[in-house]
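S.K.: Would you mind keeping the following structure in view while I ask a few things?
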Amino acid sequence: MDSRTNTVMRTRALSRRFGGFQALDKVELTVRQGERRLLLGPNGAGKTTLFNLLTGDLTATTGSIEIFGEDVTRLSTASRVHLGVSRTYQIITLFPQDTVLHNVMLSLTGLRRRRWNPWQSFAADRLLQSDAVKVLDRVGLQAMAHRTVASCSYGDQRRLEIAMAIAQKPRLLLLDEPFAGLSQEERAQVQELLAGIPRDIAIVLIEHDMDVALAFADTITLLQHGRVVLEGTRDAVVADPRTREVYLGQ
Ligand code: ADP
Ligand code: MG
């Protein structure tokens, strides 16, 4: 496969302003099939904004985004999910008072593009339910199925959120600080979950914890003030003095 045909996602001069503030400035980013990309940068560098633009949670001010060669810059979030873009958020966005199982069922419903049908009981949809149970099995959360999300540990909520994103069958998975706020043990569980994600899914990870981040990454993009400062293989970026500068100079 040549380097053009295995491109999953590509941005060109992608920019976003908030009023007078340039949060992202002409970002060029290409992610290839199966890649494990780490997005580094100090707080406020524009990392989450970049994810928001890729998913359609925010619209770009200028520039473009292609997913598998298709221009998605003006497409809705739902259309991008169907093209294979899934994400998790820096702040967990599950329905806390609903059960773990229902949360997974809702994420699967989104995938099937099916509207809520008031004449059909949600709980009675056996197929959807059995698919949701399979998702929970895969991440070892089946025992939690009938508990409310709010009653689960933070680590279990994180794993659930990642499992729901994977259940959408993405080809590009965007993970925004999935290790933040986790205990050592929870961190190991999330790490194991990420290591088990099939290699045909490309992953972009935002993470500050260098131990887990560097163990995960093949390639690194370093952002500062909304611009790409540096990009390359993990070892090259880590060895580059600019990486140190960006982190120590903030
Ligand atoms: P990071 O994830 O790298 O910490 P963000 O992408 O969240 O950074 O934010 C980049 C900059 O853009 C920050 O200065 C932030 O305050 C600003 N910003 C992000 N989202 C908004 C918004 N919706 N409205 C105004 N400013 C925003
Ligand atoms: Mg962020």
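S.K.: Within the range 210-239, can you find the residues that are under 20 Å from Arg199 (Cβ atoms) and of a type in the set (Lys, Arg)?
M.R.: Within the range 210-239, just Arg234 meets the criteria.
S.K.: Here's something else I'd like to know. Sort out which residues of the range 196-207 are out of contact with any Asp or Glu (no Cβ under 7 Å at 6 or more places or on another chain) and in contact (Cβ under 8 Å) with a residue 12 or more places away in the chain, and write them in order of number.
M.R.: Ile197, Arg199, Asp200, Ile201, Ile203, Val204, Leu205
S.K.: Kindly provide the set of residues from the range 31-87 that are out of contact with any helix residue (DSSP H, G or I) (no Cβ under 9 Å at 6 or more places or on another chain), within 16 Å of ligand 1 (Cβ to nearest atom) and basic (Lys, Arg), ordered by number.
M.R.: Arg37, Lys47
S.K.: Among the residues of the range 209-230 satisfying the criterion of being without any contact (Cβ under 8 Å) to a residue 40 or more places away in the chain and not β-branched (Val, Ile, Thr), which is surrounded by the fewest Cβ atoms within 10 Å (Cβ to Cβ)?
M.R.: Asp211
S.K.: Something else: Residues that are modelled with pLDDT of 90 or more and in a loop (DSSP other than H, G, I, E, B): does the range 122-145 have at least one?
M.R.: The answer is yes; a qualifying residue exists.
S.K.: Next up: Does at least one position in the range 18-27 carry a residue that is away from ligand 1 (no atom under 16 Å from the Cβ) and acidic (Asp, Glu)?
M.R.: no
S.K.: Right, next: Is there a residue being in contact with a strand residue (DSSP E or B) (Cβ under 7 Å, 6 or more places away or on another chain), open to solvent by less than 10 Å² (accessible area, probe 1.4 Å) and part of a helix (DSSP H, G or I) anywhere in the range 238-246? Step through it out loud before you land on a result.
M.R.: Kept after step one, since they are in contact with a strand residue (DSSP E or B) (Cβ under 7 Å, 6 or more places away or on another chain), are these residues of the range 238-246: 240, 242-243, 246.
Remaining after also requiring open to solvent by less than 10 Å² (accessible area, probe 1.4 Å): 246.
Add one more test, that the residue is part of a helix (DSSP H, G or I), and what stays is 246.
Within the range 238-246 (the criterion being in contact with a strand residue (DSSP E or B) (Cβ under 7 Å, 6 or more places away or on another chain), open to solvent by less than 10 Å² (accessible area, probe 1.4 Å) and part of a helix (DSSP H, G or I)), the answer is yes, since at least one residue qualifies.
S.K.: With β-branched (Val, Ile, Thr) and within 16 Å of ligand 2 (Cβ to nearest atom) as the only criterion, which of Thr61, Thr30, Thr48 stands out?
M.R.: None of the others qualify; the one that does is Thr48.
S.K.: Run Arg114 past the list (1) open to solvent by 50 Å² or more (accessible area, probe 1.4 Å); (2) modelled with pLDDT of 75 or more; (3) more than 16 Å from ligand 2 (Cβ to nearest atom) and report the number of the one that doesn't hold.
M.R.: Of everything listed in (1) open to solvent by 50 Å² or more (accessible area, probe 1.4 Å); (2) modelled with pLDDT of 75 or more; (3) more than 16 Å from ligand 2 (Cβ to nearest atom), Arg114 misses just condition (2).
S.K.: Return only the number of the condition from (1) within 15 Å of ligand 2 (Cβ to nearest atom); (2) open to solvent by less than 10 Å² (accessible area, probe 1.4 Å) that Met9 does not satisfy.
M.R.: The number of the failed condition is (1).
S.K.: Moving on. Among (1) surrounded by fewer than 16 Cβ atoms within 10 Å (Cβ to Cβ); (2) within 14 Å of ligand 2 (Cβ to nearest atom); (3) within 21 Å of Phe179 (Cβ to Cβ); (4) touching a residue at least 12 places away in the same chain (Cβ under 8 Å), where does Ile91 come up short?
M.R.: (4)
S.K.: Shifting gears a bit: For the range 59-72, name all the residues that are in a loop (DSSP other than H, G, I, E, B), out of contact with any Asp or Glu (no Cβ under 8 Å at 6 or more places or on another chain) and surrounded by 18 or more Cβ atoms within 10 Å (Cβ to Cβ).
M.R.: Within the range 59-72, Ala60 is the sole residue that qualifies.
S.K.: Given the residues Thr48, Thr30, Thr77, which is the only one that is open to solvent by 10 Å² or more (accessible area, probe 1.4 Å), in contact with a Phe, Trp or Tyr (Cβ under 9 Å, 6 or more places away or on another chain) and closer than 17 Å to Leu172 by Cα?
M.R.: Answer to the selection: Thr48.
S.K.: Would you check which residues across the range 149-161 are out of contact with any strand residue (DSSP E or B) (no Cβ under 6 Å at 6 or more places or on another chain) and not in a loop (DSSP other than H, G, I, E, B) and list them?
M.R.: Within the range 149-161, Val149, Ala150, Ser151, Tyr154, Gly155, Asp156, Gln157, Arg158, Arg159, Leu160 meet the criteria.
S.K.: Name the pairs whose Cβ atoms lie under 7 Å apart, with the first residue in the range 47-74 and within 20 Å of Arg227 (Cα to Cα), the second charged (D, E, K, R) and within 12 Å of ligand 1 (Cβ to nearest atom), and 6 or more positions between them or separate chains?
M.R.: Thr48/Asp176; Thr49/Arg16; Phe51/Asp176; Leu53/Arg16; Leu58/Arg16; Ala60/Arg16; Thr61/Arg16; Thr61/Arg17
The values are calculated or read from the model by the stated rules, or taken from the named source; none is laboratory data. Every value quoted in this text rests on a predicted model; they were computed, and no experiment measured them. Counting neighbours? That spans all protein chains shown, and the Cβs are built from the backbone with ideal geometry, glycine included. Areas reflect the complete protein model, heavy atoms only, side chains present, ligands, DNA and RNA absent. Shrake-Rupley method; radii C 1.70, N 1.55, O 1.52, S 1.80 Å.
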